[in-house]
Amino acid sequence: MMDRMELWGRTVNFSISEWVLLLNIDHQIRKYVEQLYLTFKSIHMKKVKLFVSTLVILTFMITSCNQVTKTEDPPEPQNDQIVGLVEDVLTKEEQEALTPDMVIQSFKEGNERFMRNDLTARNHSEQVRKSAGAQFPKAIVLSCVDSRVPVEDVFDRGIGDVFVARVAGNFVNEDILGSMEFACKVSGAKLILVMGHEHCGAVKAAVDDVKLGNITPMLSKIRPAVEAVEYTGDRTSGNKDFVHMVCESNVQHTMKKIREDSPILKEMADNGEIRIVGAVYDMDTGKVSFL
Ligand SMILES: [Zn+2]
């Protein structure tokens, strides 16, 4: 639909179809504009022609402005549109398909990403919404309360991915065991990970047998791990080697207590439904060493 026309005293090549396509006008508007153009062609009076041409161009401008306004509305974000996003909220089917060893492997790989500062980008707002109705976490981690141990980040886990129980010195009591039974027997988690850490204040306090308020009965849960270490050297918190030995002993002691004090979890572990494993987090490197 190419034509030559005189517009504001100048002769120009005028292709209505090209203009319409260029401005990305939808089908109905295109029909309307083309009809307007045909009407325009039938008019021979020069001044009227000029008026109508101005009207056509104004129509173009208004509709194209509307188009631009529409495209500026932010679209609903989709997972695959988030750059770097590679994981979604775990579903029941995905949880059921996991084995304890697969979960351990995913934790090791997540910790490697954490160490090289390559955490997975996640759409947290969307994960909050998607996990609101139900949760199917793959593991429960028992950690110290220490502020330098960000458990989810350490394993590069997202919302709905792991249960986390925290208490100074990562020991178990009735409440923590109940939480673990809920995580594994009720909610289907495949792994119990007891994670101690280097430079642990609770472990050092237990080593020095500190007495203070409610800290005293709390440390009594860690003392058996101190006494279990056979070491004839300096048995104080000033000895980093001894503190490290007690840290590992405390993790082992906690794992033993889980089996002793929870018949439910022991049976699940014996049947291979879950695994109970221990690890120590290194403050200096961010590395988690599995025991
Ligand atoms: Zn600690």
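When the stretch 269-282 is examined, which residues are found to be more than 19 Å from ASP175 (Cβ to Cβ) and not in a loop (DSSP other than H, G, I, E, B)?
Result: ALA269, ASP270, ARG275, VAL277, GLY278, ALA279, VAL280, TYR281.
Among the listed residues THR285, THR236, identify the single one that is outside any helix (DSSP H, G or I), under 30 Å from ARG113 (Cβ atoms), in contact (Cβ under 8 Å) with a residue 24 or more places away in the chain and hydroxyl-bearing (Ser, Thr, Tyr).
Just one listed residue meets the conditions, THR285.
Being at pLDDT below 90, surrounded by 12 or more Cβ atoms within 10 Å (Cβ to Cβ), in the same structural domain as ILE159 (by TED's automatic domain parsing) and part of a loop (DSSP other than H, G, I, E, B), is that true of even one residue in the stretch 90-107?
yes
Please specify each residue of the stretch 169-192 satisfying the condition of being touching a helix residue (DSSP H, G or I) at 6+ places or on another chain (Cβ under 7 Å) and within 16 Å of the ligand (Cβ to nearest atom).
GLY169, ASN170, PHE171, VAL172
Right, PRO217: within 16 Å of the ligand (Cβ to nearest atom) and without any contact (Cβ under 8 Å) to a residue 24 or more places away in the chain or not?
No; evaluated as a whole, the condition is false for this residue.
Regarding ASP234, is this residue farther than 18 Å from LEU142 by Cα and among the charged types (D, E, K, R)?
It is true that ASP234 is farther than 18 Å from LEU142 by Cα and among the charged types (D, E, K, R).
Hey, THR254 hits all of (1) closer than 30 Å to GLN95 by Cα; (2) within 15 Å of the ligand (Cβ to nearest atom); (3) outside any helix (DSSP H, G or I); (4) touching a Phe, Trp or Tyr at 6+ places or on another chain (Cβ under 7 Å) but one; which does it fall short on?
(3)
Tally time: how many residues in the stretch 207-222 are under 35 Å from the mean Cα position of the chain (by Cα) and over 14 Å from VAL172 (Cα atoms)?
Going through the stretch 207-222 one residue at a time, the tally reaches 1.
Of everything in the stretch 226-240, what is within 15 Å of the ligand (Cβ to nearest atom) and either among the hydroxyl-bearing types (Ser, Thr, Tyr) or modelled with pLDDT under 95 (or both)? Give them in sequence order.
Within the stretch 226-240, SER237 is the sole residue that qualifies.
Taking ARG223, is it of a type in the set (Lys, Arg) and either touching a Gly at 6+ places or on another chain (Cβ under 8 Å) or within 16 Å of the ligand (Cβ to nearest atom) (or both)?
Yes.
When you scan the stretch 196-209, do you find a residue that is more than 13 Å from the ligand (Cβ to nearest atom) and among the aliphatic types (A, V, I, L, M), even just one?
No, because not a single residue in the stretch 196-209 is more than 13 Å from the ligand (Cβ to nearest atom) and among the aliphatic types (A, V, I, L, M).
Kindly indicate which of ARG157, ARG148, ARG166 is out of contact with any Lys or Arg (no Cβ under 7 Å at 6 or more places or on another chain), more than 14 Å from the ligand (Cβ to nearest atom) and not acidic (Asp, Glu).
ARG157
The values are calculated or read from the model by the stated rules, or taken from the named source; none is laboratory data. This is a predicted model, so every value here is computed, not measured. Methodologically, a virtual Cβ is constructed for each residue, glycine included, from the backbone with ideal geometry; neighbour enumeration extends over all protein chains shown.
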